[in-house]
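For reference, the structure discussed in these notes is given below.
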Number of protein chains: 4
Amino acid sequence: MRTFISTIFLLALNVCVAQDQNRIIEFPDVDGFLTLKADLHIHTVFSDGLVWPTIRVDEAVKDGLDVISMTEHIEYQPWSDDIPNPDRNRSYHIAKKAAKPYDMIVIHGTEITRDLPPGHANALFVKDVNEIMSESVLESYRKARNQGAFIFWNHPNWIAQQKSALPKITEFHKKLIKEDLLHGMEVVNDLTFSEEGVKVALENNLTIMGTSDIHGLVDYQYRLENGGHRPVSLIFAKEKTEESIKEALFAGRTVTWFENILSGREDNMKLLIEASLEFVNKRYIGYSEVLEYDIVNSSDATFYLHNTSPYDFYANTDIIEVIPHSTKRLKIITSQGDVSKDKLTFKVLNAVIGYKKNFVIKLELE
Amino acid sequence: MRTFISTIFLLALNVCVAQDQNRIIEFPDVDGFLTLKADLHIHTVFSDGLVWPTIRVDEAVKDGLDVISMTEHIEYQPWSDDIPNPDRNRSYHIAKKAAKPYDMIVIHGTEITRDLPPGHANALFVKDVNEIMSESVLESYRKARNQGAFIFWNHPNWIAQQKSALPKITEFHKKLIKEDLLHGMEVVNDLTFSEEGVKVALENNLTIMGTSDIHGLVDYQYRLENGGHRPVSLIFAKEKTEESIKEALFAGRTVTWFENILSGREDNMKLLIEASLEFVNKRYIGYSEVLEYDIVNSSDATFYLHNTSPYDFYANTDIIEVIPHSTKRLKIITSQGDVSKDKLTFKVLNAVIGYKKNFVIKLELE
Amino acid sequence: MRTFISTIFLLALNVCVAQDQNRIIEFPDVDGFLTLKADLHIHTVFSDGLVWPTIRVDEAVKDGLDVISMTEHIEYQPWSDDIPNPDRNRSYHIAKKAAKPYDMIVIHGTEITRDLPPGHANALFVKDVNEIMSESVLESYRKARNQGAFIFWNHPNWIAQQKSALPKITEFHKKLIKEDLLHGMEVVNDLTFSEEGVKVALENNLTIMGTSDIHGLVDYQYRLENGGHRPVSLIFAKEKTEESIKEALFAGRTVTWFENILSGREDNMKLLIEASLEFVNKRYIGYSEVLEYDIVNSSDATFYLHNTSPYDFYANTDIIEVIPHSTKRLKIITSQGDVSKDKLTFKVLNAVIGYKKNFVIKLELE
Amino acid sequence: MRTFISTIFLLALNVCVAQDQNRIIEFPDVDGFLTLKADLHIHTVFSDGLVWPTIRVDEAVKDGLDVISMTEHIEYQPWSDDIPNPDRNRSYHIAKKAAKPYDMIVIHGTEITRDLPPGHANALFVKDVNEIMSESVLESYRKARNQGAFIFWNHPNWIAQQKSALPKITEFHKKLIKEDLLHGMEVVNDLTFSEEGVKVALENNLTIMGTSDIHGLVDYQYRLENGGHRPVSLIFAKEKTEESIKEALFAGRTVTWFENILSGREDNMKLLIEASLEFVNKRYIGYSEVLEYDIVNSSDATFYLHNTSPYDFYANTDIIEVIPHSTKRLKIITSQGDVSKDKLTFKVLNAVIGYKKNFVIKLELE
């Protein structure tokens, strides 16, 4: 019902996209840093995506994101018959303008889209995408880096490029890393997670990234109506500024959030879990040897804690489920251990900090 | 114990959009006709909309629609710097192709976008939109009509064109009607409903239309997460074919469905309500004078029935609420009337068949 | 992202019944009075009910009630083979003790259970039920009254006693009223509502009462899992004390809440509706003649407002639905009236203040 | 609103308790047996419970149970001042009669309530509870056994009797077992689960039992409104008859269902899991080495499958969550193993078959 005649009325029915409390992604700030929710791999009609950039801003507002980036393929432009796209910065500029009414940062980015190696990569914090286009992949990376880019390898597990689905770092990738041309790597992309990817990222000191790589609608792709969410990177930044986000990415301070899985470097995971789970109200039940404890979860994750201590529980097996934004009461049968020295220890099944390696929580009981 | 998540077989990561049982718009077929759910006013990036045409197909599949039409503005092309759009049939062709895997009809249409009079109008069942473009509005209408178009007036209540919000039929409109160039009129557009519009449509024998006129995302605009739905026209067609839909539109066999309001010609409303509500299981409670009756509602509408008979109810006031896809038991105090002659009569508060006029249900009690 | 499970701190396995935010009955306090939620007709195993009195306290805590009364039948004791019940105050004493941890008032009551006339009646604020037992119904009423009782007629529409379902006040009832032995009357009992009852109560200046008369479980009888609620009386009291409640009942300051229907004396309804609905943010949309208005509903009732003014709406028919604890935006087409003198008037379809009579809201538009 | 005058009208408003699809406990029948859902430890006002026996039938109908038993304490009768209870079979007879309209079996039972050892025990399939009362605990057990009873030890982990919360089998218990006076043991009681109990039961060849031991309301105690359920024993019986249930209990064919935990003997767990989970639609994605597999869960349990094979997944970590009544797609990276010999193996984290021992699923991939 909009027209060319008057735009003044646009505001009437439809001012801003409203935040929707039910779908906002929520994780607490951590010790010393803000926890910024970021999706840094997004497509629009300006490459092979299916929406105008403003819709990407609307979706991100609904999801409560702090940071997004339109990362159009430089080399892949399937709609070019309809959208000739001479200026590759259009997508960024449209999104940037649309984000103005909101407290959201739009980062100037693009996707350098090549066969393996090196495969696809996103360059963030660039100045002019047109300048980055080049026959030579190395030149593209260097031009992006010269503009100050943080560059990360996309979906290294992608079966369209890697039949085995196992990320394989090549000599070319090592060269890129050595020349300061590759800084991060996706372990989460769209609906996929790569545990092997976590290993490769850690071995090569690459920042661990999780992104949606959305082409269609976030709501449909991640089944929001069933409680799903888009994959994101949680970035631990000193401030909510582009500069601070850049510093955090180069410093590797991220944890990815995909379905119910958190993955990241152990130090980052420690920050996040210590902020998300609080252990309180320790006391014995009556005269019994059963000790009660409350676990308060202030995050969106359902934590699965696998008891690895000598203790059993009075009202649970060894797998403790702590649902989002709730409190779980534990009842520990202390007679099975020695509370003066045996800690309560949990492997956090949904917190991956390495290949087949989970974060471990240790709690004093005395 | 069924969970809130319905069983879904996702065929692949990304292939087809799944229907979502919770949001499918459902009305029963009526006596002699199929009830087709149609949204015949839709925009994409090929005029001033915000999505690629394929997304419109995805949304419609989710909503369980039978018929859609991309109706891009001929005269309003705000994205033309990015999308030059030399062939105005592109949007139709892309949607048509995307709809192939589904049982959905895409009708070739366009929006002729002028100041009042005549205002905006959609032409459906056209052959080539490029041919319809003309400086002269009358010529545009005639060219569309020559292609066989069904033409309807859009949002005649729109405050951007009509400060009073009251549709006003002009001599120009009358001329169009007389020349067989105007066949229908929206009484529902986007988030608006015009009771005055119902009057004007009926007086001028125009087909009553309800459309979304969607530019952004259906899910956000109509708050699907809160149980909302897009406005549609229910079309009573002999078959699910383009030809049959065309016949039904020219014959005026429509009822609009907006929020919880049905509006339409009395004969069409009668068809729909008789198919939607069944009155069964009449019997007295024990030896009392209270007569029980079940009302079975097989539609998505919550019916509000206002009792206008001499009878009171044993478990209700005079306003009876019959929620969607459920059964409501009525308990009628028969001692207040004479069941041999006094019928049970209800004004259906959510079924508008004229200006300040509601459909009336009459039931024998004997 | 909030889950569907609210944060609950269970204090122990079994100690206290937790309030459940989803089912607490909520109506705002009104001008000059607290709005107390009361269920004053309840049975336990001490007459023909099916639960121990403590369960009645648990249910009432869950429902957020302020006042309850166990009103066991004096003359009907079907479980007497198992429960000889020599002291008819037992039920009160057990409930009273169980209610101690909660902010809830338990009123000492009983049900005098006779054929018509006078039928069943509850006596509240009694001292000793044993004393009230008598062969003579009149003597029972007098003894109760001598103890200070407020007495109300139960389910005068009950088809087991009144085949027509129409309450009929007899000479005997008039005599009771004259002798100050009858002060109120149920218009709502369990799953029934009597519009004729409202008329009879008003004509005879009896306090309008709504009660559950629960025998089984509140959760099952009123389908709490589907969003149902037990019928209650809203009592407008100066303080949350037994004395103040008694004063309010004798003064007739009640409104009943049954399914979605409020019924009561016009002055009481006015208090409740003015507290429940606020009309704010009046302004014109752009340069149009459409005036916007927000209706804020702070109660559990879904209000159905039937427009009876000359104005139409831009986004609604004449039936406006204002759902609980939400804001509804109205868009008034002012060109159809004269805002300097024509008020916006609504019949509140769910607010019954007499036989076929609804409360009316009048709003200035200037 | 019920009265002593006429009972014929009781049927009018309130005939039967309706089943509630959302809360019915659902597990599939297993190979060779029906899966009967049983709660065999229930209290009413005839010992220290808080409801009349009919309510227990209503609750069980709502939960979709097949078998229940009222098991009143012989030795503990706190309401005896109000309910003298001379015939200890009353509770059974009332429940039995109330269950007639439903397809539900009520088993005659009682609870022999002593200090440790032997603690509390339920005797099922008895003929006359009055006969079982005795000063001597051994005599009580023998009298029950002479009536044909199946006897099981209740809450051996209960901290009110066992401060450590660890079940300890004594010489006395061994003597009972030897004399055929003890046949089963609760590992689940109310809100508690005892992993140590599973060990003790298996070591002593006792049937593994899970019961609610409900005293208040099932809905409140197990937070049905939040998706909770009462603990039950799933009994694998040849027919739905009392005789067949008895045979199954003596044969030890049970699995307990508590929160999300299944516990039982390995052979029984195998039956249940093979009936609950189906693995279908195996095929490779395109030309990749990723093999897809669908897991169809037809039970109420959320299965947590811990991958212990050499394979990783393309869209998951090693913990696979399979929600109730849904299908989960697995994407197996086959390049990490040898599909001709390496099976896909999962430890089922929510299926306990011994102390710190979980059921294991092994799947061929070829």
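In the stretch C:319-347, what count of residues is obtained for those that are outside any strand (DSSP E or B) and not aliphatic (A, V, I, L, M)?
11
Within the stretch B:275-293, which residues are more than 13 Å from every other protein chain (Cβ to nearest Cβ) and of a type in the set (Gly, Ala, Ser)? Talk me through it step by step, then tell me what you get.
Start the filter on the stretch B:275-293 by keeping residues that are more than 13 Å from every other protein chain (Cβ to nearest Cβ), which leaves B:275-282, B:293.
Hits for the stretch B:275-293 are B:ALA275, B:SER276.
Which numbered condition in (1) within 17 Å of C:PHE27 (Cα to Cα); (2) within 14 Å of chain B (Cβ to nearest Cβ); (3) assigned to a strand (DSSP E or B) is the only one that C:MET269 fails?
Answer for C:MET269: the failing condition is (3).
Just to verify a result, which residue in the stretch B:294-318, among those that are outside any loop (DSSP other than H, G, I, E, B) and in contact with an Asp or Glu (Cβ under 7 Å, 6 or more places away or on another chain), is nearest to the other protein chains (Cβ to nearest Cβ)? Steps first, please.
First, the residues of the stretch B:294-318 that are outside any loop (DSSP other than H, G, I, E, B): B:294-297, B:303-307, B:312-313.
Restricting the remaining residues to those that are in contact with an Asp or Glu (Cβ under 7 Å, 6 or more places away or on another chain) gives B:296, B:304, B:306-307, B:312.
Numbers: B:VAL296: 17, B:TYR304: 7, B:HIS306: 8, B:ASN307: 9, B:ASP312: 5 Å.
Once the filter is applied, the top-ranked residue is B:ASP312.
Taking the stretch A:19-34, which residues are touching a residue at least 12 places away in the same chain (Cβ under 8 Å) and within 14 Å of another protein chain (Cβ to nearest Cβ)?
Scanning the stretch A:19-34 gives A:GLN19, A:ASP20, A:ARG23, A:ILE24, A:ILE25, A:GLU26, A:PHE27, A:PRO28.
Quickly run through the stretch D:299-316 and pick out the residues that are touching a helix residue (DSSP H, G or I) at 6+ places or on another chain (Cβ under 6 Å) and either more than 24 Å from A:ALA165 (Cβ to Cβ) or of a type in the set (S, T, N, Q) (or both).
Filtering the stretch D:299-316 down to residues touching a helix residue (DSSP H, G or I) at 6+ places or on another chain (Cβ under 6 Å) leaves D:299, D:310-312.
D:SER299, the sole residue that qualifies.
Taking B:GLU72 as the residue in question, decide whether it is in contact with a Lys or Arg (Cβ under 7 Å, 6 or more places away or on another chain) and more than 8 Å from chain A (Cβ to nearest Cβ). Let's see the steps before the verdict.
Values: in contact with a Lys or Arg (Cβ under 7 Å, 6 or more places away or on another chain): yes; more than 8 Å from chain A (Cβ to nearest Cβ): yes.
Considered against the rule, which asks whether it is in contact with a Lys or Arg (Cβ under 7 Å, 6 or more places away or on another chain) and more than 8 Å from chain A (Cβ to nearest Cβ), B:GLU72 comes out as yes.
Does A:ASN204 qualify as being over 14 Å from the mean Cα position of the chain (by Cα), closer than 21 Å to A:PRO167 by Cα and at pLDDT 95 or above?
yes
Take the residues of the stretch A:52-69 that are more than 12 Å from A:ILE94 (Cα to Cα) and either charged (D, E, K, R) or part of a strand (DSSP E or B) (or both): which is farthest from the other protein chains (Cβ to nearest Cβ)? Don't jump to the end; show me each part of the working.
The first filter runs over the stretch A:52-69 and keeps only residues more than 12 Å from A:ILE94 (Cα to Cα), leaving A:58-68.
So of that shortlist, the ones also either charged (D, E, K, R) or part of a strand (DSSP E or B) (or both) come out as A:58-59, A:62-63, A:66-68.
Values: A:ASP58: 6, A:GLU59: 8, A:LYS62: 7, A:ASP63: 9, A:ASP66: 15, A:VAL67: 18, A:ILE68: 16 Å.
It comes out as A:VAL67.
Among the residues of the stretch C:162-218, how many are of a type in the set (Gly, Ala, Ser) and away from every other protein chain (no Cβ under 14 Å)? Steps first, please.
First, the residues of the stretch C:162-218 that are of a type in the set (Gly, Ala, Ser): C:164-165, C:184, C:194, C:197, C:201, C:210, C:212, C:216.
Subset that is away from every other protein chain (no Cβ under 14 Å): C:184, C:201.
Counting residues in the stretch C:162-218 that are of a type in the set (Gly, Ala, Ser) and away from every other protein chain (no Cβ under 14 Å) gives 2.
When C:ALA95 is evaluated against the numbered criteria (1) within 14 Å of chain D (Cβ to nearest Cβ); (2) in a loop (DSSP other than H, G, I, E, B); (3) of a type outside the set (Val, Ile, Thr), which criterion, by number, is the only one it fails?
Only one criterion is unmet by C:ALA95, namely (2).
Output the residue which, of all residues in the stretch B:14-53 that are at pLDDT 95 or above and among the β-branched types (Val, Ile, Thr), is farthest from B:PHE258 (Cα to Cα).
Looking at residues that are at pLDDT 95 or above and among the β-branched types (Val, Ile, Thr), I get B:VAL45.
For the list (1) surrounded by fewer than 21 Cβ atoms within 10 Å (Cβ to Cβ); (2) touching a strand residue (DSSP E or B) at 6+ places or on another chain (Cβ under 8 Å); (3) touching a residue at least 24 places away in the same chain (Cβ under 8 Å), I need the number of the one condition that D:LYS96 fails.
All conditions pass for D:LYS96, except number (3).
Checking the condition modelled with pLDDT of 95 or more, among the aliphatic types (A, V, I, L, M), under 16 Å from D:LEU206 (Cβ atoms) and in a loop (DSSP other than H, G, I, E, B), which residue from D:LEU176, D:LEU181 passes?
The match here is D:LEU181.
Identify, by number, the condition in (1) touching a residue at least 40 places away in the same chain (Cβ under 8 Å); (2) within 12 Å of chain C (Cβ to nearest Cβ); (3) more than 29 Å from B:ASN22 (Cα to Cα) that B:ASN350 doesn't meet.
(3)
In the stretch A:348-366, which residues are loosely packed, with under 14 Cβ neighbours inside 10 Å and either hydrophobic (A, V, I, L, M, F, W, C) or part of a strand (DSSP E or B) (or both)?
If we filter the stretch A:348-366 for residues that are loosely packed, with under 14 Cβ neighbours inside 10 Å, which is where we start, we get A:356, A:362, A:364, A:366.
A:LYS362 - this is the single residue of the stretch A:348-366 that is loosely packed, with under 14 Cβ neighbours inside 10 Å and either hydrophobic (A, V, I, L, M, F, W, C) or part of a strand (DSSP E or B) (or both).
Checking B:GLU239 against (1) in contact with a Phe, Trp or Tyr (Cβ under 8 Å, 6 or more places away or on another chain); (2) part of a loop (DSSP other than H, G, I, E, B), which single condition isn't satisfied?
Here B:GLU239 meets the rest and fails (1).
Hey, among the residues in the stretch B:120-136 that are free of Cβ contacts under 8 Å to residues at least 60 places away in the same chain and surrounded by fewer than 23 Cβ atoms within 10 Å (Cβ to Cβ), which one's nearest to B:GLU239 (Cα to Cα)? Outline the logic, then answer.
Narrowing the stretch B:120-136 to residues free of Cβ contacts under 8 Å to residues at least 60 places away in the same chain: B:120, B:123, B:126-136.
Those left that are additionally surrounded by fewer than 23 Cβ atoms within 10 Å (Cβ to Cβ): B:127-128, B:130-131, B:133-136.
Working: B:LYS127: 22, B:ASP128: 25, B:ASN130: 30, B:GLU131: 30, B:MET133: 32, B:SER134: 35, B:GLU135: 38, B:SER136: 36 Å.
Per the criteria, the residue is B:LYS127.
Out of the residues in the stretch B:127-164 that are under 21 Å from the mean Cα position of the chain (by Cα) and in a loop (DSSP other than H, G, I, E, B), which is farthest from C:GLY286 (Cα to Cα)?
Here is the first cut: in the stretch B:127-164, the residues under 21 Å from the mean Cα position of the chain (by Cα) are B:149-158.
Filter again for in a loop (DSSP other than H, G, I, E, B), leaving B:149, B:154-158.
Numbers: B:ALA149: 35, B:ASN154: 21, B:HIS155: 18, B:PRO156: 18, B:ASN157: 15, B:TRP158: 12 Å.
Restricting to residues being under 21 Å from the mean Cα position of the chain (by Cα) and in a loop (DSSP other than H, G, I, E, B), the top hit is B:ALA149.
Does any residue in the stretch D:79-91 that is more than 9 Å from every other protein chain (Cβ to nearest Cβ) come within less than 6 Å, Cβ to Cβ, of a residue that is in a helix (DSSP H, G or I) six or more places away or on a different chain, and which pairs are these?
D:ARG88/D:VAL129; D:ARG88/D:ASN130; D:ASN89/D:VAL129; D:SER91/D:PRO53
Being in a strand (DSSP E or B), of a type outside the set (Val, Ile, Thr) and either under 23 Å from the mean Cα position of the chain (by Cα) or under 30 Å from B:SER276 (Cα atoms) (or both): is that true of B:GLU111 here?
Working: in a strand (DSSP E or B): yes; of a type outside the set (Val, Ile, Thr): yes; either under 23 Å from the mean Cα position of the chain (by Cα) or under 30 Å from B:SER276 (Cα atoms) (or both): yes.
Answer is yes for this residue.
Considering the stretch D:335-347 alone, what residues qualify as being surrounded by fewer than 19 Cβ atoms within 10 Å (Cβ to Cβ) and either more than 10 Å from chain A (Cβ to nearest Cβ) or among the β-branched types (Val, Ile, Thr) (or both)?
Listed by number, the residues that qualify are D:GLY337, D:ASP338, D:VAL339, D:SER340, D:LYS341, D:ASP342, D:LYS343, D:THR345, D:LYS347.
Scan the stretch A:207-235 for residues that are more than 28 Å from A:VAL45 (Cβ to Cβ) and at pLDDT 95 or above and jot them down.
First, pick out the residues of the stretch A:207-235 that are more than 28 Å from A:VAL45 (Cβ to Cβ): A:207-208, A:227, A:234.
Selection gives A:THR207, A:ILE208, A:LEU234.
Among the residues of the stretch A:21-35 satisfying the criterion of being at negative phi, of a type outside the set (S, T, N, Q) and not in a strand (DSSP E or B), which is surrounded by the fewest Cβ atoms within 10 Å (Cβ to Cβ)?
Just the residues of the stretch A:21-35 that are at negative phi, to begin with: A:21-31, A:33-35.
If we keep only those that are of a type outside the set (S, T, N, Q) as well, we get A:23-31, A:33-34.
When the remaining residues are screened for being not in a strand (DSSP E or B), the result is A:23-29, A:31.
Working: A:ARG23: 22, A:ILE24: 17, A:ILE25: 18, A:GLU26: 17, A:PHE27: 21, A:PRO28: 14, A:ASP29: 14, A:ASP31: 10.
So the residue we want is A:ASP31.
Starting from residues that are out of contact with any Lys or Arg (no Cβ under 8 Å at 6 or more places or on another chain) and of a type in the set (S, T, N, Q), keep the ones in the stretch A:336-366 and report whichever is farthest from D:THR317 (Cα to Cα).
A:SER340
Looking at the stretch D:252-287, which of its residues are under 29 Å from A:LEU166 (Cα atoms) and buried (at least 20 other Cβ atoms within 10 Å of the Cβ)?
Kept after step one, since they are under 29 Å from A:LEU166 (Cα atoms), are these residues of the stretch D:252-287: D:277-287.
Within the stretch D:252-287, D:LEU277 is the sole residue that qualifies.
Within the stretch D:197-215, track down each residue that is of a type in the set (D, E, K, R) and either assigned to a strand (DSSP E or B) or surrounded by fewer than 21 Cβ atoms within 10 Å (Cβ to Cβ) (or both).
Start the filter on the stretch D:197-215 by keeping residues that are of a type in the set (D, E, K, R), which leaves D:199, D:203, D:213.
Passing the criteria: D:LYS199, D:GLU203.
If we keep just the residues of the stretch B:38-95 that are out of contact with any Leu (no Cβ under 9 Å at 6 or more places or on another chain) and aromatic (Phe, Trp, Tyr), which is farthest from B:MET185 (Cα to Cα)?
B:TRP79
The values are calculated or read from the model by the stated rules, or taken from the named source; none is laboratory data. Note that the structure is a prediction, hence the values are computed from the model and not measured. Because the Cβ atoms are built from the backbone with ideal geometry, glycine has one as well, and the counts that use them run over all protein chains shown.
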